[in-house]
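See structure below.
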C-alpha cells in the first residue's frame, strides 16, 4: 500500500510572526481593559462605590492588632503557648551551645589554651566555642 503524503510549504518570516503575536497579545489586553471599563461605567453608583471601597481595603496595609479577648481561658492558653515557645527556643539554644562545646575544633583550642595560653587561642575559643 502506497500513501502519497503531500507537503505544505508555508514560509513566514520570524520577525513577522513575532510581531503578529505581540500585536495580538496587546490587542487582547486592550480589549479586556476596555470591556472592564465599560462594565464599570454601566454599574449603578452604589455598586461602583462598593467596588471602590473593596479596592481600597485590599490596597491598604493590614493592621496587626491583638484581638480583645473576654475569655480568660483563651488568654491562659495564649500565655502558655508563648511560654512553651520561649522554653523551646531556650532549649534549642542550649543544645546548640553544647554541640559547639563538644565540637572537635572547640576541644582542640580549649586544650591549646590550657597548655599554652595565648591571645590566638583565646580568640579561637571565642570563635569556635561561642
- Matching residues, the stretch 97-130, being part of a loop (DSSP other than H, G, I, E, B) and out of contact with any helix residue (DSSP H, G or I) (no Cβ under 9 Å at 6 or more places or on another chain): 102, 116, 117
- Specify which of the listed residues (70, 53) is in a loop (DSSP other than H, G, I, E, B), more than 27 Å from the chain's Cα centre (by Cα) and either farther than 30 Å from residue 124 by Cα or touching a residue at least 60 places away in the same chain (Cβ under 8 Å) (or both). 70
- Residue count, the stretch 10-50 (criterion: exposed (fewer than 10 other Cβ atoms within 10 Å of the Cβ) and either in contact (Cβ under 8 Å) with a residue 24 or more places away in the chain or part of a loop (DSSP other than H, G, I, E, B) (or both)): 5
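Laboratory data are not the source of any read-out in this text; all were calculated from the coordinates shown. In this text the structure is predicted, and so the values were computed from the model without any measurement. All Cβ positions, even for glycine, are placed from backbone atoms using ideal geometry, and neighbour counts span all protein chains on display.
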